[in-house]
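Input: a single structure, listed below in C-alpha cells.
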Amino acid sequence: MIREALAAVARNESLGGLLSRTPGARDVVKRVVGGDSADGALAVAAELADRGMFASLERAAPTVESDDDADEVLAENCLLIDRIVQAGLAQSCEVTVFPDSLAPVHDIGSARAFARLLEVAREAEAAGVSLMVGMGGVDEVDRTLDRIDDLHGRGLPVGVTLQACLRRTEADCHRLADRRVRLVKGAHRGDPHVAHDQPLEVDKAYVRCAKTLLGGNGNPSFATHDPRLIEILESLAERFRRDPHTFEYAFYMGRLEGAQVRLSQAGDRVRIYVPYGPDWFERLVGGLAEQPTSIVAAVRSLLPGTSS
C-alpha cells in the first residue's frame, strides 16, 4: 500500500479515495481522523480526555471559493465551539482554524476575512474554549501576526502557529514568548534567505525557538514527530524548570502513539490534532506533501498493525 500511496501523491490524486478502495480502510481511517462530522471528532476528544490527553479539533475545509463558503465555515466553527461546551470538553479541547478557510482565495486580506476570524475568537472566548490560529504560506505570516496582535489587543488571547523553518521565526518567538505559540517545523521551498533549506538547520532552528519559548511566560505547544527533538524538548523543559502543565507536546492523531502514552503517563500535557469533515485527508496530506521525507512514515503509520 505504501507504494500505491506514494504513487497517488505523485499523481496529485486523493489519498482519501485510495484509502476508501483499500481493504480495512475503515479501521485505518479511525486511527488518523475524527470522522466526517463533529460527532465523530467529539467522540475522539472525549476518549482522549478520559485518557488524560487534550485535543485540537479542526473542521478541515476545502478551498473557499465564495463568501457563502466562508460564512458556512464560520458557522461550522461556531457550532463546533458550542458542541464542545455541551459535551463538557471545554477544558481539554481547543479549536484550530486557518484564516484562509474564512475567506475566498482572492479576499484573504480583506476586512471581511478578519471579521470572521474575530467572530470565531469572540465565540471561543465567551465559551471558555481555546482557539489556535494556523499559519498559511510565508506570504501570510505578517498579515496573520498582525491579526493575532489585533485580537490580543481586544482581550482575545488566541494562540498562533509558527514555523521553525522560516528564518524570521526566532525573532517572532522572542516577541511572542509570553503568549500561546504552537511551534512546528514547517516546510518552505524557495529563497534560502527566507527559510532554512537543510533539515539539520531546521532542527537547530526549532531547538533555538523552543529555548526562547520555554524561557518565556507563555504556554508553548511543541508539535513534532521527531523522537530526537522530543528528547531534547524534555531536557530543555527540565533545564528551564518548566511545570509540566505550562507547556505541551502536540501530535497528529495516529502518529508516535507510544510517545504520546509515555509522555502522558509521565505527567506531561499531550495534545492530539484531530481533523474531521469530508475534506480531512486533503488538509492532512497538504502538509505532508511539502515534506516528501515524511510521507513514507506518515503512510506507514496509517497501516493496521504498525506503530510509529
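Across the range 240-256, what is the total count of residues that are within 30 Å of Asp39 (Cβ to Cβ) and touching a Phe, Trp or Tyr at 6+ places or on another chain (Cβ under 8 Å)?
Looking only at that region, the number is 6.
Among the listed residues Ala127, Ala164, Ala121, Ala113, identify the single one that is at pLDDT 90 or above and in contact with a Lys or Arg (Cβ under 6 Å, 6 or more places away or on another chain).
Ala164 is the lone residue from the list that is at pLDDT 90 or above and in contact with a Lys or Arg (Cβ under 6 Å, 6 or more places away or on another chain).
Return yes or no: is His106 assigned to a helix (DSSP H, G or I) and at pLDDT 95 or above?
No, not satisfied.
Tell me, please, whether a residue that is assigned to a loop (DSSP other than H, G, I, E, B) and of a type in the set (Ser, Thr, Tyr) can be found in the range 88-96.
yes
Taking the condition under 20 Å from the mean Cα position of the chain (by Cα), surrounded by fewer than 21 Cβ atoms within 10 Å (Cβ to Cβ), on the phi < 0 side of the Ramachandran plot and not small (Gly, Ala, Ser), does Arg154 pass?
Considered against the rule, which asks whether it is under 20 Å from the mean Cα position of the chain (by Cα), surrounded by fewer than 21 Cβ atoms within 10 Å (Cβ to Cβ), on the phi < 0 side of the Ramachandran plot and not small (Gly, Ala, Ser), Arg154 comes out as no.
Please go through the range 119-151 and pick out each residue that is within 19 Å of the chain's Cα centre (by Cα) and outside any helix (DSSP H, G or I).
Once the filter is applied, which keeps residues that are within 19 Å of the chain's Cα centre (by Cα) and outside any helix (DSSP H, G or I), the range 119-151 yields Val129, Ser130, Leu131, Met132, Val133, Gly134, Met135, Gly136, Gly137.
Please count how many residues of the range 267-288 are assigned to a loop (DSSP other than H, G, I, E, B), surrounded by fewer than 17 Cβ atoms within 10 Å (Cβ to Cβ) and modelled with pLDDT under 95.
Selection size over the range 267-288: 1.
Which of (1) in a helix (DSSP H, G or I); (2) under 18 Å from the mean Cα position of the chain (by Cα) is the odd one out, the single condition Tyr249 does not satisfy?
It is condition (1) that Tyr249 fails.
The values are calculated or read from the model by the stated rules, or taken from the named source; none is laboratory data. Not measured: the values here are computed from a predicted model. Please note: Cβ atoms are built from the backbone with ideal geometry, for glycine as well, and neighbour counts cover all protein chains shown.
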